[in-house]
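Each value in this text was obtained by applying a stated rule to the coordinates, not by laboratory testing. In this text, all values refer to a predicted model and were calculated from it rather than measured experimentally. Heads up, the Cβs are rebuilt from the backbone with ideal geometry, glycines too, and the neighbour counts pull from every protein chain shown.
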Amino acid sequence: AQSVTQLDSQVPVFEEAPVELRCNYSSSVSVYLFWYVQYPNQGLQLLLKYLSGSTLVKGINGFEAEFNKSQTSFHLRKPSVHISDTAEYFCAVSPTDKLIFGTGTRLQVFP
Amino acid sequence: ETGVTQTPRHLVMGMTNKKSLKCEQHLGHNAMYWYKQSAKKPLELMFVYNFKEQTENNSVPSRFSPECPNSSHLFLHLHTLQPEDSALYLCASSQASGGATEQYFGPGTRLTVT
């Protein structure tokens with residue numbers, strides 16, 4: 001069975017600092033990989049996705065993620081965060097026709 | 001209205017009540033989903049509809065009854081719920097139900113069962 005592990009439930013960081021949100025997955029088949037963001041009182045919004053090709057994927061709002069097949073990871077990074085990046089971030093995998101989500105990482109950006 | 005809308009945004013109901021959640025997508029998509037989001041848990045897929053036909057029921061208790069009258073509307077009928085059913089219920093849609101297809105989410109209905 002497929003599963004997703006987000007190793008950090010909360011990540012506090014100061015504004016303009018870099019950040020990495022970690023995601024590991026387990027799957028016996030090839031998967032598609034996604035990062036979604038959820039701002040307070042809103043639904044989830046797609047940040048970026050990996051389907052195939054280049055392992056470095058760039059998304060919206062300056063975020064990027066790197067697919068590492070050997071380590072089964074898909075960590076999300078941003079070189080300089082803003083207060084407005086404060087939100088819940090969800091990693092998800094899709095081995096077939098549905099999404100399997102992790103438990104989420106709460107990114108809190110302080111001034 | 002654009003995107004995916006959900007009504008009501010908040011709902012408080014007793015265990016003997018019957019209520020319905022509504023979802024509408026304005027994106028011309030063919031697949032719609034219900035998810036349950038509880039604190040500290042991964043999002044749980046509940047139901048999937050493709051072209052109005054239910055294609056997935058993720059072992060959801062029968063006190064949750066979905067209805068999809070057309071590709072743009074999705075309902076979740078609720079009756080005799082339990083306190084542990086309190087959660088954020090999210091609706092999503094996508095062009096198709098394939099794994100590579102992006103899902104677009106509504107803002108959710110915050111349900112409290114008393």
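Take the residues in the stretch B:70-81 that are closer than 17 Å to B:Y104 by Cβ and within 12 Å of the chain's Cα centre (by Cα), then tell me which one is surrounded by the fewest Cβ atoms within 10 Å (Cβ to Cβ).
Here the residue is B:H73.
Taking the stretch A:73-94 as the search range and keeping residues that are out of contact with any Asp or Glu (no Cβ under 7 Å at 6 or more places or on another chain) and surrounded by fewer than 16 Cβ atoms within 10 Å (Cβ to Cβ), which one is nearest to A:N41 (Cα to Cα)?
If we take residues in the stretch A:73-94 being out of contact with any Asp or Glu (no Cβ under 7 Å at 6 or more places or on another chain) and surrounded by fewer than 16 Cβ atoms within 10 Å (Cβ to Cβ), then A:S84 is nearest to A:N41 (Cα to Cα).
What is the residue count in the stretch B:83-102 for residues that are over 14 Å from B:Q6 (Cβ atoms), touching a residue at least 60 places away in the same chain (Cβ under 8 Å) and not hydroxyl-bearing (S, T, Y)?
3
Given the options B:A39, B:A87, B:A31, name the one that is over 15 Å from A:D97 (Cα atoms) and surrounded by 16 or more Cβ atoms within 10 Å (Cβ to Cβ).
Details: B:A39 fails: surrounded by 16 or more Cβ atoms within 10 Å (Cβ to Cβ); B:A31 fails: over 15 Å from A:D97 (Cα atoms).
Unique residue meeting the criteria: B:A87.
Could you look through the stretch B:87-111, keep only residues that are among the hydroxyl-bearing types (S, T, Y) and outside any loop (DSSP other than H, G, I, E, B), and pick out the one that is farthest from B:V12 (Cα to Cα)?
Ranking the qualifying residues of the stretch B:87-111, first place goes to B:S94.
Output yes when any residue across the stretch B:50-72 is touching a Cys at 6+ places or on another chain (Cβ under 6 Å) and within 14 Å of another protein chain (Cβ to nearest Cβ), and no when none is.
Among the residues of the stretch B:50-72, not one is touching a Cys at 6+ places or on another chain (Cβ under 6 Å) and within 14 Å of another protein chain (Cβ to nearest Cβ), which makes the answer no.
Would you kindly identify the strands (runs of 3 or more DSSP E) lying entirely within the stretch A:1-108 that contain at least 1 residues that are within 28 Å of B:N50 (Cβ to Cβ), without any contact (Cβ under 8 Å) to a residue 24 or more places away in the chain and among the basic types (K, R)?
By residue number, A:44-50.
For the stretch A:10-54, enumerate the residues that are touching a Leu at 6+ places or on another chain (Cβ under 8 Å) and of a type in the set (D, E, K, R).
A:E20, A:R22, A:K49
Please find, among B:E84, B:E67, B:E24, B:E56, the residue that is within 11 Å of the chain's Cα centre (by Cα), of a type outside the set (K, R) and either part of a loop (DSSP other than H, G, I, E, B) or over 15 Å from A:G43 (Cα atoms) (or both).
Matching residue, one of B:E84, B:E67, B:E24, B:E56: B:E67.
Anything in the stretch A:32-72 that is more than 11 Å from chain B (Cβ to nearest Cβ), in contact with a helix residue (DSSP H, G or I) (Cβ under 9 Å, 6 or more places away or on another chain) and surrounded by fewer than 20 Cβ atoms within 10 Å (Cβ to Cβ)? List them, or say none.
Correct list: A:N61, A:G62.
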